[in-house]
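Visitor: Can you read through this structure? Questions will come right after.
The values are calculated or read from the model by the stated rules, or taken from the named source; none is laboratory data. Computed from a predicted structure; not experimentally measured. Here the Cβ positions follow ideal geometry from the backbone for every residue, glycine too, while neighbour counts run over all protein chains shown.
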């Protein structure tokens, strides 16, 4: 079960992360509208579809950001017990993400091309509501699945009792889980599969090279990206890299570069690497 301190820290981090996402998606929308308006197709079927797809993608991103943020907090603080973990995670994140989904939906519908001087024919908006609701529903299903998997991993991480007096014990199984600290506290720490490690390294190498040809803008800080890449490499260089920490860093990098055309090839490689962690990015 996750306690109040974990929830408090996660809420703070999520508020900041979602505010950043709000700015990014607003700028992306402005660019889409500008491009279609320049071509004289502001309220065309293509413009509506493009904006709707961008907001559907944002739903998936918010859920992944929320999950990665919670894992990062859990990794730093640890858990006192795995009992009820799945239900606790879902009950904490579900209302927050419902609010985000409703906010994103309202933002999409209250701006162009949906809200314009010209009333849109039903034929141009047909199916958008259903597709959006389906995206949200699937995101929640994945969240619940991820929470159940996390609880199962935590339970496997506790098959042995630590002797009184504290210390460190290692439990080796199919996940090579390492438990540190006292009996009542463990870190969500799982070693990374060698194949996944190879893909991650390839993605980081490709991104590092691509950054040489990219300049800073208001959505992309090259220095911050290089720092996150450095943190990833430092974690990879450890004898037992922490999967949850590495996953959180990689998701942060991916969500930062996903809208950059120049970095799209690196994003695709990074997305493939994250699939090894069952993190599916759009």
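Visitor: Is there a residue in the stretch 218-225 that is surrounded by 16 or more Cβ atoms within 10 Å (Cβ to Cβ) and modelled with pLDDT under 75?
Guide: yes
Visitor: Taking residue 102 as the residue in question, decide whether it is at pLDDT 90 or above, in contact with a helix residue (DSSP H, G or I) (Cβ under 8 Å, 6 or more places away or on another chain) and surrounded by fewer than 17 Cβ atoms within 10 Å (Cβ to Cβ).
Guide: Judged against the criteria, residue 102 is not a match.
Visitor: Go through the stretch 1-54 residue by residue and tally those that are at positive phi and within 16 Å of the chain's Cα centre (by Cα).
Guide: Residues in the stretch 1-54 being at positive phi and within 16 Å of the chain's Cα centre (by Cα): 0 in total.
Visitor: For the subset of the stretch 72-86 comprising residues that are closer than 15 Å to residue 4 by Cα and assigned to a helix (DSSP H, G or I), which member is modelled with the highest pLDDT?
Guide: Only one residue fits best here, namely 85.
Visitor: May I pose another question? Find the residue count for the stretch 36-46, including only residues that are assigned to a helix (DSSP H, G or I) and under 12 Å from residue 112 (Cβ atoms).
Guide: 2
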